[in-house]
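To start, the structure itself, in structure tokens.
FYI, it's all coordinate maths here, none of it is from the lab. Since we're looking at a predicted model, the values are computed, not measured. Heads up, the Cβs are rebuilt from the backbone with ideal geometry, glycines too, and the neighbour counts pull from every protein chain shown.
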Amino acid sequence: MTVFEKFKKTKAFVFDVDGVLTNGEILVTENGEQLRTFFIKDGYALQLAVKRNFPIAVITGGKSQGIKSRMQGLGIKDVFTDISNKIEILNNWMAEHNLKSEDVLFMGDDIPDLEAMKSVGFATCPADAVEDIKAVSQYISSFNGGRGAVRDVIEKVMRLQDKWDKDTSIKSI
């Protein structure tokens with residue numbers, strides 16, 4: 001199956017956080033709080049995908065409340081933090097949503113994502129992912145993590161499925 005066909009057949013999205021939804025940098029405050037920066041254009045695409053009824057999961061080893069708050073603000077309900085075994089969470093999530101591996105696009109950027117990415121139908125990564133991840137990815141975005149890679153894959157899927165439009169009821173968060 002070609003990459004074009006994989007985009008066209010994608011039914012669900014799974015994303016890592018650090019290095020995918022963020023640029024991978026973490027600012028640690030004097031109190032030990034960890035702060036991340038999310039890209040507004042990725043957020044718009046995520047929110048639109050939720051409105052178009054695409055199942056979306058976020059699976060991360062990160063554990064800050066900020067991750068959950070940001071994702072829930074975009075309408076993403078399936079947010080799994082502090083996860084060391086991503087493939088187990090992924091398999092349970094797919095079963096809950098009656099998804100087959102070939103239905104799922106997973107975007108990861110580093111070694112903790114590797115096994116989960118190998119288990120789905122469409123493994124993708126940002127341009128600045130590590131080489132081991134690039135080697136198993138069927139699509140490497142031209143955008144870096146936290147700078148449009150998530151929007152890139154969501155927009156491609158939704159445009160090919162005629163689900164991307166200029167709906168003004170969708171607000172950017």
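Please find the FRET efficiency linking S69 to T2, where r is the Cβ-Cβ separation and R0 is fixed at 41 Å, and quote it to the nearest 0.05.
Details: r = 38 Å, r/R0 = 0.93.
Efficiency at R0 = 41 Å is approximately 0.60.
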log10 I(q)/I(0) for the range 40-125, Debye formula on C-alpha points only (no solvent), q = 0.18, 0.21, 0.24 Å⁻¹, two decimals, reads -0.81, -1.12, -1.42
FRET efficiency for K100 and E30, Cβ-Cβ distance as r, R0 = 41 Å, nearest 0.05? 0.30
Would you mind checking which residues have amide H under 5 Å from A127's amide H? H placed 1.01 Å from N; only 5 or more apart, or other chain. S141, F143, N144, G145
Report relative contact order for the chain in percent, whole number only (criteria: Cα-Cα under 8 Å, sequence separation at least 6). 30
With labels modelled as points extended 7 Å from the Cα through the Cβ direction, what inter-label distance (nm, one decimal) is found for S142 paired with S84? 4.1
Taking a straight Cα-to-Cα line shorter than 17 Å from K118, and setting aside same-chain aspartates and glutamates fewer than 8 residues away, one finds D16, E88, E102, D103, D109, D110, E131, D132
Go through A57, V157, Q72 and say which Cα lies farthest out towards the positive end of the charge dipole of the chain; charges sit on Cβ, +1 for Lys and Arg, -1 for Asp and Glu. V157
How much of the calculated P(r) for the chain lies past 24 Å, in percent of all Cα pairs? 28
Violating pairs (Cα-Cα greater than 21 angstrom) within the set K41/K63; K8/K51; K11/K100; K9/K41: K41/K63; K9/K41
